[in-house]
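Heads up: the structure comes next, in structure tokens.
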């Protein structure tokens, strides 16, 4: 009887050892795969720029630090990236550490204000209120003068402002003028002789000449 039990045990033991070894190997393989997956898993960070500069989604591993871009949007100033679209808390400080899939949201503040035109005795214009929009710059007129441009400086220095502008805040523009100077000479073709008249950019009254045996026609 003892011999039979010993014989059976000797037959079963190798089988049990093989099963145990297979279980150990399977467990090790499972652990390796799990570890590899945790190392290589990629997460996506998307950028919602709300009409500003568009960016591709960034992919990276957990713990990767990415540098955040600085988008642009016409008529707005960029206030930073936020982790939610309600813009709670503080803006991110220029970098973001990946820990899961995420979307970052750009916050904007619109340029707004008033453009005032100081035409210096030329055509008068009402102030133009703007909010994130371009403003058309008019061309004024003034009797006896030639318009020489709008300037941001009351001293009429610096670059001229013309066409269409996109101001960031309140702006006052000052008109520069060049006075028309000269004289009018009257060639009466045998009629009354008149002295030249200095115009100085002002209107003058035209004289009416006479000539014997002729009617003045203009």
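The values are calculated or read from the model by the stated rules, or taken from the named source; none is laboratory data. Computed from a predicted structure; not experimentally measured. Every residue, glycine among them, receives a Cβ derived from its backbone with ideal geometry; neighbour counts consider all protein chains shown.
Only one of 99, 78, 117 is touching a residue at least 12 places away in the same chain (Cβ under 8 Å), in the same structural domain as residue 50 (by TED's automatic domain parsing) and within 30 Å of residue 165 (Cβ to Cβ); which? Let's see the steps before the verdict.
On the way: 99 fails: within 30 Å of residue 165 (Cβ to Cβ); 117 fails: in the same structural domain as residue 50 (by TED's automatic domain parsing).
Being touching a residue at least 12 places away in the same chain (Cβ under 8 Å), in the same structural domain as residue 50 (by TED's automatic domain parsing) and within 30 Å of residue 165 (Cβ to Cβ) holds for just one of 99, 78, 117, which is 78.
When residue 100 is tested against (1) more than 30 Å from residue 60 (Cα to Cα); (2) assigned to a loop (DSSP other than H, G, I, E, B), just one condition goes unmet, and that condition is (1). Checked against (1) in the same structural domain as residue 173 (by TED's automatic domain parsing); (2) at negative phi; (3) touching a residue at least 24 places away in the same chain (Cβ under 8 Å); (4) surrounded by fewer than 16 Cβ atoms within 10 Å (Cβ to Cβ), residue 124 passes all but condition (3).
Looking at this structure, is residue 104 in contact with a strand residue (DSSP E or B) (Cβ under 6 Å, 6 or more places away or on another chain), loosely packed, with under 15 Cβ neighbours inside 10 Å and within 30 Å of residue 133 (Cβ to Cβ)? Walk me through how you get there before you give the answer.
Numbers: in contact with a strand residue (DSSP E or B) (Cβ under 6 Å, 6 or more places away or on another chain): yes; loosely packed, with under 15 Cβ neighbours inside 10 Å: no; within 30 Å of residue 133 (Cβ to Cβ): yes.
Judged against the criteria, residue 104 is not a match.
Any chance the stretch 174-195 includes a residue that's under 29 Å from residue 74 (Cα atoms), within 53 Å of the chain's Cα centre (by Cα) and free of Cβ contacts under 8 Å to residues at least 60 places away in the same chain?
Of the stretch 174-195, the ones under 29 Å from residue 74 (Cα atoms) are 174-175.
Retained after the next criterion (residues that are within 53 Å of the chain's Cα centre (by Cα)): 174-175.
Within this subset, residues satisfying the condition of being free of Cβ contacts under 8 Å to residues at least 60 places away in the same chain are 174-175.
Yes, because at least one residue in the stretch 174-195 is under 29 Å from residue 74 (Cα atoms), within 53 Å of the chain's Cα centre (by Cα) and free of Cβ contacts under 8 Å to residues at least 60 places away in the same chain.
All conditions in (1) part of a loop (DSSP other than H, G, I, E, B); (2) at pLDDT 95 or above hold for residue 107, with the sole exception of (1). Filtering 190, 94 for residues that are assigned by TED's automatic domain parsing to the domain that holds residue 51 and surrounded by fewer than 13 Cβ atoms within 10 Å (Cβ to Cβ) leaves a single hit, 94. If I filter the stretch 176-186 for residues that are surrounded by 10 or more Cβ atoms within 10 Å (Cβ to Cβ), modelled with pLDDT of 85 or more and under 18 Å from residue 117 (Cβ atoms), do I get at least one hit? Yes, some residue in the stretch 176-186 is surrounded by 10 or more Cβ atoms within 10 Å (Cβ to Cβ), modelled with pLDDT of 85 or more and under 18 Å from residue 117 (Cβ atoms).
So which of 166, 173, 198 ends up being exposed (fewer than 15 other Cβ atoms within 10 Å of the Cβ) and at pLDDT 95 or above?
Details: 173 fails: exposed (fewer than 15 other Cβ atoms within 10 Å of the Cβ); 198 fails: at pLDDT 95 or above.
On inspection, the qualifying residue turns out to be 166.
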